[in-house]
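Data first, discussion second: the structure below is written as structure tokens.
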Amino acid sequence: METRMQPRWLLGALTVILVAGVGGGIALAHDHDDEGGKHEEKEKKTLPVGLYPLETCPLSGKKMNAEGDPVVYNHKGRELRFSSKDCIQAFIKDTEGSLAKIDAAIIAQQLPTYPLTTCPVSGDELGGKMGDPINKVYQNRLVRFCCPDCLKDFEKDPAKFLAKIDAA
């Protein structure tokens with residue numbers, strides 16, 4: 001009896017089908033190399049759609065699933081989702097402006113339910129003696145600080161301070 005090895009591509013395809021069928025969370029992803037301006041498409045495990053905070057693409061204004069699954073784009077380790085590949089091109093052309101739109105949408109969405117009234121770093125009252133709070137979007141989550149120094153401390157160990165927000 002003769003045994004034959006299956007081609008690697010077949011095993012890979014079966015794995016993708018199995019993972020997509022069981023857990024979902026597979027989407028077309030684009031990784032961007034900010035140095036050379038290139039990006040490549042590849043399959044990538046991503047957050048389930050319910051965990052991504054925005055339901056509407058901030059660049060096109062369309063619902064994320066209006067034309068099929070959202071297109072996932074990785075920008076410096078941050079997962080972003082768009083309604084189409086055209087939005088990725090618009091993002092690349094104006095990254096700073098596009099990030100400002102995305103962050104503004106996330107802040108507007110999450111601010112009403114933000115769980116803390118104090119800075120997660122210093123414990124000082126937000127909007128107290130330090131003035132207006134600083135709103136920062138970190139990995140698609142709103143984090144609020146009392147001052148720029150606390151933002152710098154947060155960036156040294158984000159997980160430590162995110163745990164305080166999660167506990168609240």
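The values are calculated or read from the model by the stated rules, or taken from the named source; none is laboratory data. Because the structure is a prediction, the values reported are computed rather than measured. Here the Cβ positions follow ideal geometry from the backbone for every residue, glycine too, while neighbour counts run over all protein chains shown. Heads up: the accessible areas ignore ligands, DNA and RNA and are worked out on the full protein's heavy atoms, side chains in. Shrake-Rupley method; radii C 1.70, N 1.55, O 1.52, S 1.80 Å.
Worth a mention:
- For GluC sites (Glu not before Pro), no site in segment 72-168 is both called loop by DSSP and has at most 16 other Cβ atoms within 10 Å.
- Among the trypsin sites (Lys or Arg not before Pro) found in segment 114-149, those both in a DSSP coil and sparsely packed, with 12 or fewer other Cβ atoms within 10 Å of their Cβ, are LYS129.
- Per residue, segment 44-168 exposes 55 Å² of solvent-accessible protein surface, assessed with a 1.4 angstrom probe and all protein chains in place.
- The length gained on full extension between GLN89 and THR113, counted as 0.36 nm times the residue separation minus their Cα-Cα distance, comes to 5.4 nm.
- Projecting label points 7 angstrom from Cα along Cα→Cβ for LYS129 and GLU155 puts them 2.6 nm apart.
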